[in-house]
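The values are calculated or read from the model by the stated rules, or taken from the named source; none is laboratory data. Bear in mind that the values here come from a model prediction, so they are computed numbers and not experimental data. FYI the Cβ positions are ideal-geometry reconstructions off the backbone, even for glycines, and counts take in every protein chain you see.
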Amino acid sequence: MPNSSRAASGIALVLLLAMSGCAGGSFRPVSDAPVRLGGPYRVRGTTYVPAADPTYDVLGYASWYGNESGKRTASGERFRADWLTAAHTTLPLPSYVEVTALETGRRIVVRINDRGPFAGGARIIDLSRGAAERLGMRAGGSAAVRVRLAEPSESDRDRLRKGKPAKSLPPISESNRLNLQSQLRAAGF
């Protein structure tokens, strides 16, 4: 093999190794520390101001996303569509929230590790495909939800950090579900 061919092969090998090393090293490990707020940011003409809100409890709509699997989230972690994660515009990264589907009363805990949704209106959270499936809303694309800040046990946090669901939560009562739906309608959504 001529020297120029060996040199080209060597350079190609070094580049390949360098690129493969970067691919795995560019993602932050899944961890709850440090919690990040970040400064105000602007998307499509709207300014968002991240803040801790221990009383967060909001009615609105959720959609889901999954085609971005493998990409970097706003927290620096790798997005995995089948994990129970979500995107929120302002809650700290990471945060944990309880999401209740108002159509069925099903509840799950998800880990916020990304920013969004940026669609405006009543959409308050973007769920991973895995979270949408657990709530039974994947086929519809979006659904009425209640989202409130949660403080899961350390074992549930550990499960969610590993891509497993937290302990199952019983559905809300029928009267509570109907009341929440009524509140959402009264708010004009």
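Looking across segment 162-189, the residues that are aliphatic (A, V, I, L, M), in contact with a strand residue (DSSP E or B) (Cβ under 8 Å, 6 or more places away or on another chain) and not in a loop (DSSP other than H, G, I, E, B) come down to Leu180, Leu184. What single numbered condition from (1) surrounded by 15 or more Cβ atoms within 10 Å (Cβ to Cβ); (2) within 17 Å of the chain's Cα centre (by Cα) fails to hold for Ala122? All conditions are met except number (2). Just to be sure, is Ser75 of a type in the set (Gly, Ala, Ser), in a loop (DSSP other than H, G, I, E, B), under 19 Å from Arg129 (Cβ atoms) and touching a residue at least 40 places away in the same chain (Cβ under 8 Å)? So Ser75 fits the description; yes. Suppose we keep only residues that are of a type in the set (Asp, Glu) and part of a strand (DSSP E or B) within segment 102-134. Which one would you say is nearest to Arg28 (Cα to Cα)? Among those that are of a type in the set (Asp, Glu) and part of a strand (DSSP E or B), it is Asp114.
Only one of these is surrounded by 20 or more Cβ atoms within 10 Å (Cβ to Cβ), more than 12 Å from the chain's Cα centre (by Cα), modelled with pLDDT of 95 or more and not in a loop (DSSP other than H, G, I, E, B): Val147, Val99. Name it. The unique qualifying residue is Val147. Is it the case, given these coordinates, that Ser69 is part of a loop (DSSP other than H, G, I, E, B) and polar (S, T, N, Q)? The answer is yes for Ser69. Checking each residue in segment 48-83 for being within 17 Å of Val147 (Cβ to Cβ) and of a type in the set (D, E, K, R) picks out Asp53, Asp57.
When Arg138 is tested against (1) surrounded by 13 or more Cβ atoms within 10 Å (Cβ to Cβ); (2) closer than 16 Å to Ile112 by Cβ, exactly one condition is not met: (2).
Residue by residue, here is whether (1) in contact with a helix residue (DSSP H, G or I) (Cβ under 7 Å, 6 or more places away or on another chain); (2) surrounded by 10 or more Cβ atoms within 10 Å (Cβ to Cβ); (3) at pLDDT below 90 holds:
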position: Pro2; (1), (2), (3): no, no, yes
position: Leu13; (1), (2), (3): no, yes, yes
position: Leu16; (1), (2), (3): no, yes, yes
position: Ser20; (1), (2), (3): no, yes, yes
position: Val35; (1), (2), (3): no, yes, no
